[in-house]
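For reference, the structure is listed below as structure tokens.
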């Protein structure tokens with residue numbers, strides 16, 4: 001009988017753990033552009049896949065194809081008992097606010113939103129302007145023509161926040177550098193138009209730019225392709241995109257949505273999930289720049305040293321990076 005006790009106890013632990021895992025039903029609603037956009041949505045997916053592999057817990061998922069589906073899919077997930085529900089992108093803010101009221105016992109987290117206030121909503125925002133400042137520093141130091149570019153996705157304040165941070169970084173190194181800027185469009189379709197991205201980038205390259213930074217979802221893949229085709233340089237965004245066109249991607253501005261997504265599920269599972277707003281910048285390692293085997297030959301030791309010092313100065317407050325979304329203005333252009 002004594003020998004049976006450990007077996008019974010162990011079996012009980014297994015049963016308890018399994019039932020706990022079955023009761024935990026996380027879910028995610030990817031936004032326009034798709035979860036395999038090699039950028040923003042895919043970064044989210046990478047973080048959630050890390051959670052799934054570590055814990056063995058599967059998650060439900062939907063991908064938004066039309067704007068009207070946001071509220072529809074969120075309500076469907078909540079009604080099925082999913083909790084927490086991770087909404088990807090600021091475009092889902094109104095839908096999250098509405099559905100969260102209908103399901104007050106369901107926890108909702110949303111990426112790129114810092115203004116929703118409810119006891120069951122967690123907003124996660126990033127200081128994209130700080131990360132963009134760093135890649136602007138690298139662009140200005142690398143450019144041989146004194147002309148660089150920026151291709152944004154949808155023409156909204158958030159993307160102007162990327163652009164403004166980038167321009168500030170460029171001008172910090174060389175105030176005389178010209179920065180071409182262009183947004184892809186005014187609708188969500190702007191996130192998934194690589195052909196248009198390539199066209200905009202090529203126009204900038206033809207005008208003398210030798211580096212173009214893309215913050216445009218899968219549209220940015222066209223920018224990276226145009227850089228490779230024209231023997232110029234590009235800068236990726238959100239995920240590390242250096243490997244997509246090795247040797248022509250100067251760096252990628254990292255927005256650690258993968259870490260944020262992982263933490264949403266992990267904190268909900270272990271009981272530390274909290275409502276409110278989390279803002280992640282350089283100090284929190286929420287943004288940064290990518291250096292790996294695919295771009296190491298493009299970044300000199302002087303460039304690494306300079307960007308490292310600039311990073312420290314931003315964190316300490318010695319360098320102040322203006323946030324476009326604070327007043328919808330950029331002090332430089």
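Each reported figure results from applying straightforward, stated rules to the coordinates on display, with no laboratory input. Predicted model only: the values in this text are computed from it and were never measured. Note that each Cβ is placed from the backbone with ideal geometry, even for glycine, and that neighbours are counted across all protein chains shown.
Points to keep in mind about this one:
- Antiparallel %, DSSP beta bridges [both residues in the range 11-145], to 5: 5
- Ratio of the Cα radius of gyration of the range 217-264 to 2.2 N^0.38 Å, where N counts its residues: 1.24
- The angle separating the long axis of helix 157-173 from the principal Cα axis of greatest extent in the chain is about 50 degrees.
- Between the helical axis of 40-55 and the longest alpha-carbon principal axis of the chain there is an angle of about 30 degrees.
- For the Cα trace of the range 182-252, dividing Rg by the Kirkwood Rh returns an Rg/Rh value of 0.94.
- Exposure proxy ranking, count of Cβ atoms within 10 Å, fewest first, for 62, 40: 62, 40
- Unit Cα scatterers, Debye sum, the range 82-213: log10 I(q)/I(0) for q = 0.11, 0.12 Å⁻¹: -0.50, -0.57
- The residue 49 and residue 94 beta-carbon pair, evaluated with R₀ = 35 Å, returns a calculated FRET efficiency of approximately 0.80.
- Applying 0.36 nm per residue to the separation of residue 118 and residue 304 and subtracting their alpha-carbon distance, the gain on full extension is 62.7 nm.
- Arranged from fewest to most other beta-carbon atoms within 10 Å of their beta carbon, 183, 253 become 183, 253.
- With the simple model of a label 7 Å out from the Cα in the direction of the Cβ, residue 175 to residue 199 spans 3.8 nm.
- Net lengthening on full extension, residue 320/residue 186 (0.36 nm per residue, minus Cα-Cα): 45.3 nm
- Treating each Cα of the range 242-333 as an identical point scatterer and summing with the Debye formula, the log10 of I(q)/I(0) at q = 0.15, 0.20, 0.22, 0.23 Å⁻¹ comes to -0.84, -1.13, -1.17, -1.19.
- Peptides 71-82, 117-128 ranked from most to least packed, by the mean per-residue count of other Cβ atoms within 10 Å: 117-128, 71-82.
- Of the residues 262, 213, the one with the fewest other Cβ atoms within 10 Å heads the list, and the complete ranking is 262, 213.
- Reducing the range 90-106 and the range 255-333 to their Cα centroids gives an inter-centroid distance of 27 Å.
- The stretch between residue 72 and residue 207 holds 44.1 nm of extra length on full extension. This uses 0.36 nm per residue minus the Cα-Cα distance.
- Computed over the range 137-256: relative contact order in percent, which uses C-alpha pairs under 8 Å that are six or more apart: 25
- Helix 301-316 vs. the chain, principal-axis angle (Cα, 0 to 90°, nearest 10): 60
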